[in-house]
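Right, one structure below, let's go through it.
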Amino acid sequence: RNGIYPLMNFAVSRPLALPRALSQPQEDPQKAKTPTPEPFDVETRKVVQMQCNMELNEDKSQWHLTLLLILEDKLHRQLSYDLLPTDNSKDLATELVHYGFIHEDDCEKLAAFLESAFHKHRSQA
């Protein structure tokens, strides 16, 4: 009958004090300084089909890689990356395993696939 105002009548006249800890536990300074790396999910599905496309950027100075992976459960995973001159297929495949994009067993297969794609596209350019 009085709207929300009766709810205000139930408020405590002074705030309750929270109990304080006597002392803060000391942390090991080395543990506090070094951040723990975030765990990455491990990919359990294997790649059943791979497609790769490489194109030169507009200024013709760098290759752009688009990789389409089809996994066992028919999931399509499309990844793109601007290749650096120092990149190689083995390191790229290992990085994809590390970040959980492909199964560890597919690393060698993907590295070989990328290596053949690199040779094919770079020889055409």
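The values are calculated or read from the model by the stated rules, or taken from the named source; none is laboratory data. Fair warning: this is a prediction, and the values are worked out from it, not measured in the lab. Note that we place each Cβ from the backbone using ideal geometry, even for glycine, and neighbour counts take in every protein chain shown. Areas reflect the complete protein model, heavy atoms only, side chains present, ligands, DNA and RNA absent. Shrake-Rupley method; radii C 1.70, N 1.55, O 1.52, S 1.80 Å.
Some points to look at:
- Solvent-accessible area, 1.4 Å probe, carbon plus sulfur percent, for the range 47-123: 50 percent
- Positive-end residue, the range 47-123 charge dipole about Cα centroid, Cβ charges, pick of 84, 103, 119: 119
- In terms of packing, defined here as the mean over residues of other Cβ atoms within 10 angstrom, the peptides 47-59, 105-117 line up highest first as 105-117, 47-59.
- Net charge over other residues, Cβ less than 12 angstrom from the Cβ of residue 121 (K, R count +1; D, E count -1): 0
- Between residue 86 and residue 120, the simple label model (points 7 Å from Cα in the Cβ direction) yields a spacing of 2.8 nm.
- Percent of Cα pairs exceeding the 19 Å cut-off, where the set is the range 47-123: 30 percent
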